[in-house]
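The values are calculated or read from the model by the stated rules, or taken from the named source; none is laboratory data. What you see is a predicted model, and the numbers here were worked out from it, not measured in a lab. Cβ atoms come from the backbone with ideal geometry, glycine included; neighbour counts cover every protein chain shown. SASA here: full protein model, heavy atoms, side chains in, ligands and nucleic acids out. Shrake-Rupley method; radii C 1.70, N 1.55, O 1.52, S 1.80 Å.
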Amino acid sequence: MSGSQRLPRIGVIGNPNSGKSTVFNHLTGLRQKTGNFPGVTVDIKEGNLRLPGGGEVTLVDFPGTYSLYPTSSDEKLVSAVLSDQKNEFFPDAVVYIADVNHLEKHLLLLTQLLDLQLPLVLALNMADMADELGIKVNVSRLSEKLGIPVVFVSGRTGDNMNRLVSEIEKLIPAIGNISRKAFFDMDATEKQVAEAVRLNLGENNPYRALQLAHHFEWLPFLNESDRATLATIVQTKNFVSLRAQVEETLARYDLFTPIVEDAIQQPQQFPDTPTDRIDAVLTHRIGGPFVFIAVMLVIFQAIFDWSAYPMDWIDNGFAELNTWLQQTLPDHWTTELLTDGILAGLAGILVFVPQITLLFLLITILEEVGYMARVVFLFDRIMRRFGMNGRSVVALIGGSACAVPAIMSSRTIGNWKERLITVLVTPFISCSARIPVYLVLIGMAVPRVRIGGIIGAQTLVFGAMYALGVAAALFAGWTLKRYLKTREPSFLAIELPVYRMPDWKNVGLTVWEKVSAFIIGAGKIILIVSIALWALSRFGPGDAIERAATKAQEEAAAAGLGEAETEDLTAQKKLEASWAGQMGKAFEPVIRPLGYDWKIGIGLLTSFAAREVFTGTLAILYNMGSSEADINDRSENEAKATLREKMQRETFSDTGQPVYTFATALSLLVFYALAMQCMSTLAVVRRETGSWKWALWQFISMTGLAWLAAWLVQIIFA
Amino acid sequence: MQRRYRSIPDLKIHETARALSFSDAALACKLTSMGFLPGARVEMVRQSPFGNAFYVKVDGVRMALRREEAASILLEI
Ligand SMILES: Nc1nc2c(ncn2[C@@H]2O[C@H](COP(=O)(O)OP(=O)(O)OP(=O)(O)O)[C@@H](O)[C@H]2O)c(=O)[nH]1
Ligand SMILES: [Mg+2]
């Protein structure tokens, strides 16, 4: 073990879809995403495990990989960690998870780990399925031949997990002093390469030394001089990496296949399983795409119709609470901070919890049952037209919930160009944060009528917003395809897992984790922006606000306005004089061509942090315009006037024209569909592409496109 | 002219053949590590909707391959 305070690190490693995350969840109870889609875990996750003897270890869940010779960046992560003993995630020991039903394919990576001299325990997972299929394993024979402990487990039912934990405990004393005979015998060239790497870089494990020679071009922890040294070694020894990889792989199979055949009894025939019958429909040449469209429509229906109710309750609940607080609490700026700043922010966060939960739930179920891999197969061809890969569809569907995890899921795409395009276009897909904005604007612009007595006009426009997002994503992909160049190979080659009933505990944990990550991540930004916004609109430079108030009162007196109208005018003028008002006014020239006034300007400025702030911002701004008047003079009903109604009453201060005409609402809709307004997404894009360059580029081009499109809409419909 | 070898795209639906070798090194590396080895029994299950990919079973394991990928897998005649 390296550090003294550091807990021993146990890596959970294995092939994609072998159940690593399920076992990891079971052992740590830590929330972590699982799914029946090869490549669900794309990042490294940690959790602690208490051992019966009183000790504690850190479990590290890795992305799945077939071998130490990776083809995509989630797989590369595994090779990079295992090649670098100084990496913070480098495991001291490994729990290797293999799907017992495909053991003849799942041991390749295990034999590579054997040669890295890591303490190992082999967990044969999916015992429950093996029982059903009549697969029998001679565990002690397998253990003896491989020279490591073997446990038969089920991540789903939790069978034998105690045994696994006690085997993990027994690994700890072995950390750092394993010396097994190499499983794979390197050939003469490989031996020379490994020896040269040892002499030059001090890597004593011959197999890890060989890994450095295979991967030196991209391994992130190597410095330039190491890289140059390795390049020279590879060249002088005439080492052809790709050929060596294939030969090593085949040699390893030759070695472990007899071991598996000896230890396992499998029924001879592969029966016609339900998976084949389901796939006859779901991947059918003609039926498949239709089923996909139907599935997407159900999801669409779910977010539009079903989540409208809880959203309304939340909206109304906050409105009631707000009114009540304003009437009960003393008339003081702290009350305003609470109602107009904090509560407005909270409402802005909570109002899209229903649909994001629903979306994550539906997407997680699709992943768990194994449908996503089929979607990859169905749409690979189309996506390639647009510079992407079948795997990009998974990211795009995920983008309808939230672009942040969706962009991370693009790590399964091996080809750099296809992956970059996927990352860049995913934010065009209408995410759940846009829904409240859409609903408010559609409610204003589109009448509640049914077209042909069947489909609601509002539903139609809502659907059109999604279509616009998809079209923009594809168009952007198609354009980018022309300008980006890469020589990397692009693969489809994907395993299509058997269909499984979702493991509801897994689903629940995943949805919970994603929703809470979202609330905390986006919530922080929204709350801060709301409070800052409240302060900016409550205070102004010097005594500007007081002067504005006095002036408004004089004007009102001159015009002979009533009390309520005077209050309104005063509040309006005060807002205009505030910091926020000044910002909006300064920004107005940029957006006036789109038909927006300075209040919308403030809304747009604040939504560059997170677009979900928009409705909250407008609520704050329009409340300020009429809150006192509301409570004192107007009827109860009026006081609860929703944001939508308040917005409809707005007029331009110079021309007196209504602000929210049909064209303006439509143009705002288009702007929100296309603009890049999410700091979290930009941060993820920066991390995934490795530089601010692409994030900045994405921000500018998306927002520019949004401006242009919104302007066109205004021209056409005004 | 008669071809001297066949590859996966030549298989008819539900036809099975034994894989002999791979003609592309990068793909060979990927497929072998996924457990697709020379000698495997490959069954053509169906084509993708747009005809550019194949749903195959390799020793009973379901897999999707692009046409180019499938074409690089040479089969026993
Ligand atoms: N029947 C059964 N299903 C299991 C078992 N363990 C996991 N699964 C299912 O197998 C699928 C894949 O599980 P994950 O835990 O996501 O697999 P993973 O190895 O983490 O996958 P990647 O992160 O994509 O590499 C899910 O649908 C699980 O519900 C098990 O013991 N029995
Ligand atoms: Mg996982």
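If you take the residues in the range A:478-499 that are modelled with pLDDT under 90 and charged (D, E, K, R), which one is most open to solvent (accessible area, probe 1.4 Å)?
A:Arg487
Just for the range A:483-514: of the residues that are free of Cβ contacts under 8 Å to residues at least 40 places away in the same chain and more than 24 Å from the chain's Cα centre (by Cα), which one is nearest to the other protein chains (Cβ to nearest Cβ)?
Only one residue fits best here, namely A:Arg487.
Condition check ((1) farther than 20 Å from A:Ile44 by Cβ; (2) more than 16 Å from ligand 2 (Cβ to nearest atom)) across all residues:
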position: A:Phe90; (1), (2): no, yes
position: A:Tyr96; (1), (2): no, no
position: A:Asp99; (1), (2): yes, no
position: A:Leu114; (1), (2): yes, yes
position: A:Pro119; (1), (2): no, yes
position: A:Ala127; (1), (2): yes, yes
position: A:Gly134; (1), (2): yes, yes
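Among the candidates A:Val153, A:Val165, which residue alone is within 16 Å of ligand 2 (Cβ to nearest atom) and assigned by TED's automatic domain parsing to the domain that holds A:Phe24?
A:Val153
Quick test of your reading of the structure: A:Lys524 fulfils all but one of (1) surrounded by fewer than 18 Cβ atoms within 10 Å (Cβ to Cβ); (2) under 28 Å from A:Trp694 (Cα atoms); (3) within 14 Å of another protein chain (Cβ to nearest Cβ). Name the failing condition by number.
Evaluating A:Lys524 over (1) surrounded by fewer than 18 Cβ atoms within 10 Å (Cβ to Cβ); (2) under 28 Å from A:Trp694 (Cα atoms); (3) within 14 Å of another protein chain (Cβ to nearest Cβ) leaves (3) as the failure.
Can you tell me which residue among A:Arg180, A:Arg198 is open to solvent by 70 Å² or more (accessible area, probe 1.4 Å), over 27 Å from B:Ser21 (Cβ atoms), more than 35 Å from the chain's Cα centre (by Cα) and away from every other protein chain (no Cβ under 14 Å)?
A:Arg198
Pairs please, first residue from the range A:152-181 and closer than 13 Å to A:Leu120 by Cβ, second anywhere and charged (D, E, K, R), Cβ atoms under 7 Å, 6+ apart in sequence or on different chains.
Going by the 7 Å Cβ cut-off, the qualifying pairs are A:Ile175/A:Asp92.
Among (1) in contact (Cβ under 8 Å) with a residue 24 or more places away in the chain; (2) away from every other protein chain (no Cβ under 14 Å); (3) under 24 Å from A:Val423 (Cα atoms), which single condition is A:Phe462 missing?
The single condition A:Phe462 does not satisfy is (3).
Considering only the range A:187-197, I want to know if a residue exists there that is free of Cβ contacts under 8 Å to residues at least 24 places away in the same chain, within 26 Å of A:Ile135 (Cβ to Cβ) and part of a helix (DSSP H, G or I).
The answer is no, given that none of the residues of the range A:187-197 is free of Cβ contacts under 8 Å to residues at least 24 places away in the same chain, within 26 Å of A:Ile135 (Cβ to Cβ) and part of a helix (DSSP H, G or I).
Out of the range A:397-441, which residues are over 14 Å from the mean Cα position of the chain (by Cα) and among the basic types (Lys, Arg)?
Residues satisfying the conditions are A:Lys417, A:Arg419, A:Arg434.
Are there strands (runs of 3 or more DSSP E) fully within the range B:31-77 with at least 1 residues that are within 10 Å of chain A (Cβ to nearest Cβ)? List them.
Of the strands (runs of 3 or more DSSP E) lying wholly inside the range B:31-77, those with at least 1 residues that are within 10 Å of chain A (Cβ to nearest Cβ) span B:41-47, B:53-58, B:61-66.
Being within 11 Å of chain B (Cβ to nearest Cβ), open to solvent by less than 70 Å² (accessible area, probe 1.4 Å) and among the small types (Gly, Ala, Ser): is that true of A:Gly317 here?
Taking the combined requirement at face value, the residue does not satisfy it.
Residue-by-condition table, conditions (1) touching a Leu at 6+ places or on another chain (Cβ under 9 Å); (2) farther than 30 Å from A:Leu113 by Cα:
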position	(1), (2)
A:Asn223	no, no
A:Leu242	no, no
A:Val260	yes, no
A:Gln265	no, no
A:Phe290	no, yes
A:Trp313	no, yes
